[in-house]
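This report refers to the structure that appears directly beneath it.
Every read-out reported here was derived from the displayed coordinates using simple, explicitly stated rules and does not represent laboratory data. Treat the numbers as computed from the prediction; the structure is a model and nothing was measured. Here the Cβ is made from the backbone with ideal geometry for all residues, glycine too, and neighbour counts use every protein chain on show.
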Ligand code: KIV
């Protein structure tokens, strides 16, 4: 069995089969995400915030994306791995954009994702013609957070909503195989989902998209003191579980309860007594 293909996602839309996409950025987590049944893994440029500690996705580089994409690919066999193109890896120059997308595919990704609407449709068309599967990303596109002035719901006015619908159509026509819709009103996401033939994948876009995507660290509760988004549901409180495990380890080391005989390696009495007699000194 190979990896899930981009065509499977279209089939799922036609069959009304909803699917989950989840981010992963490293080998260990990618394995767990795949083992738990997520068919699509996004190596999101959100790694800039949750893995590298930046304030936004803007500082993420191609080298960051390549490094993490390779680790996720090594950790998975079946999931479709999609890599984000980071800020300024595709905006300035189309030749450079195609070459950068190619590098992500050579790193093992099955597709790339880029942010933007009808203005990037010619680039999407060219990438698709080159053999690069492209996922679009509309609504609150985090690389433009400085322009939006924060994480605000997009598409709230009739004109802004109509622009998102037009952008979705333009990306579909250009050959994008799926569209992420981020932080837009649920009825607008429903409308887009009904009007395009490619699957929509929502995050903060209500229940009517064909699929849903979340940032892994958010659903696991790894950041329990920040990153509180209305669109996220925490399925675990791993932050506290991890802290408690580490507290236990630290205190067991301090009082001498770890390691015990069980975690130590013995030596035979014979070897020990030879050593004590200094035969090998
Ligand atoms: O970078 C990312 O994780 C994303 C998702 C939020 C869609 O783009």
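Quick rundown of the values:
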read-out: Residues of the range 112-155 with amide N under 17 Å of a point placed 7 Å along Cα→Cβ from residue 56; value: 115-117, 138-154
read-out: Likely footprinting exposure, 29, 267, 85, 1, fewest C-beta neighbours within 10 Å first; value: 1, 267, 29, 85
read-out: Protection proxy ranking of 219-226, 198-205, 72-79 - average other beta-carbon atoms within 10 Å, highest first; value: 198-205, 72-79, 219-226
read-out: Sequence ranges 232-244, 98-110, ranked by mean other-Cβ count within 10 angstrom, highest first; value: 98-110, 232-244
read-out: Order of 218, 95, 208 under a 10 Å beta carbon neighbour criterion, fewest first; value: 95, 208, 218
read-out: Alpha carbon Rg of the chain, scaled by the compact-globule rule 2.2 N^0.38 Å; value: 1.24
read-out: Relative contact order computed over the range 6-236 (Cα-Cα under 8 Å; 6+ residues apart), in percent; value: 18
read-out: Förster radius 25 Å - calculated FRET efficiency between residue 20 and residue 128 (Cβ-Cβ, nearest 0.05); value: 0.50
read-out: Stretch gain in nm, segment residue 147-residue 263, where the contour uses 0.36 nm per residue and the Cα spacing is subtracted; value: 36.3 nm
read-out: 0 to 90° range, to nearest 10: angle between helix 94-106 axis and the chain longest Cα axis; value: 40
read-out: Estimated distance in nm for a label pair at residue 74 and residue 173, the labels positioned 7 Å out from Cα along Cα-to-Cβ; value: 4.4
read-out: Alpha carbon convex hull of the range 130-209, volume per residue in cubic angstrom; value: 88
read-out: Nearest 10 degrees, 0 to 90: helix 158-174 Cα axis against the chain principal axis; value: 80
read-out: Crossing angle, helix 6-15 versus the chain [Cα axis fit, 0-90 degrees, rounded to tens]; value: 70
read-out: Residues 112, 6 arranged by fewest to most Cβ contacts within 10 Å; value: 6, 112
read-out: Where labels lie 7 Å past Cα in the beta-carbon direction, separation of residue 11 and residue 197 in nm; value: 1.7
read-out: Antiparallel bridge percentage (DSSP; both residues within the chain; nearest 5); value: 5
read-out: Cα coordinate range in the range 168-281, projected on the principal axes (Å, largest first); value: 85, 32, 18
read-out: Separation of the residue 28 and residue 227 label points, Cα + 7 Å toward Cβ, nm; value: 1.5
